[in-house]
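**Student:** Sharing a structure with you now.
The values are calculated or read from the model by the stated rules, or taken from the named source; none is laboratory data. All values derive from a computational prediction rather than experimental measurement. A quick note on method: Cβ atoms are made from the backbone with ideal geometry, for glycine too, and the neighbour counts reach across all protein chains shown. Only protein heavy atoms, including side chains, enter the accessible area calculation; ligands, DNA and RNA are left aside. Shrake-Rupley method; radii C 1.70, N 1.55, O 1.52, S 1.80 Å.
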Amino acid sequence: MASSMGGMFPGQQPPGPHPTGAPGAPGQPGLLPAPAGSRTQNNTLVDELEASFEACFASLVSQDYVNGTDQEEIRTGVDQCIQKFLDVARQTECFFLQKRLQLSVQKPEQVVKEDVSELRNELQRKEALIQKHLGKIRHWQQVLEDINVQHKKPTELPQGPLAYLEQASANIPAPMKQN
């Protein structure tokens, strides 16, 4: 699949013939419409995404913003950085969706294998969750049984004025014989 990501990483070109025409035109999956003047030959989506992410943090900790008193100017600058990051993130997502579409057209069996693998993983995760809940249910059933047994013991003991003494004396060990 690494070869299907041509054009995304530096020094790589998409495999196959390079069509002429407008980028992103119908019938040309894998080509992204390039924003006007934003990307050069050596500047890829990943580089742009990284740079815009760093710019978001830089705008938040910049001395200009820390020392600045105009909150509206600070907010505008941060909003612009975040908007640029979101735009590049959408372009990156679009790129991967286009590559996924190409893969599903060229190798549909691979997509089915991935789906089956994801379903198996989901089943295993749910099975583990069921086992965890069954363990908790067994624990609480045992706690309830213990409580029921404790409540039944006093009713089984003899009733009467000397019942408490009989119960207390039953717990006292017998005296040992001395020689």
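**Student:** On a full-extension model of 0.36 nm per residue, what is the gain between GLU118 and LEU134, subtracting their alpha-carbon distance, rounded to one decimal in nm?
**Tutor:** Difference between extended and current length: 3.3 nm.
**Student:** For GLN167 and ILE147 in one chain, what is 0.36 nm times their gap in residues minus the Cα-Cα distance, to one decimal in nm?
**Tutor:** Details: separation 20, 0.36 × 20 = 7.20 nm, distance 1.99 nm.
Gain in length upon complete extension: 5.2 nm.
**Student:** Further, regarding this structure: Tell me the net charge near ALA55. Cut-off is 11 Å between Cβ atoms, ALA55 excluded, with +1 for each Lys or Arg and -1 for each Asp or Glu.
**Tutor:** Values: positive: LYS84; negative: GLU48, GLU50, GLU54.
Value of the local net charge: -2.
**Student:** For SER117, what accessible area in Å² do you get when you roll a 1.4 Å probe over the heavy atoms of the protein chains, rounding to the nearest 10?
**Tutor:** 60 Å²
**Student:** What ³J(HN,Hα) values, in whole Hz, does the Karplus curve 6.51 cos²θ - 1.76 cosθ + 1.60 give for the range 87-102 when θ = phi - 60°, with x put for Gly and Pro?
**Tutor:** Whole-Hz 3J(HN,Hα) from phi for the range 87-102: 4, 5, 5, 5, 5, 5, 4, 4, 4, 5, 5, 5, 5, 5, 5, 4.
**Student:** What distance in nm lies between label points placed 7 Å from Cα along the C-beta direction at LEU103 and SER62?
**Tutor:** Simple spin-label model gives 3.8 nm for this pair.
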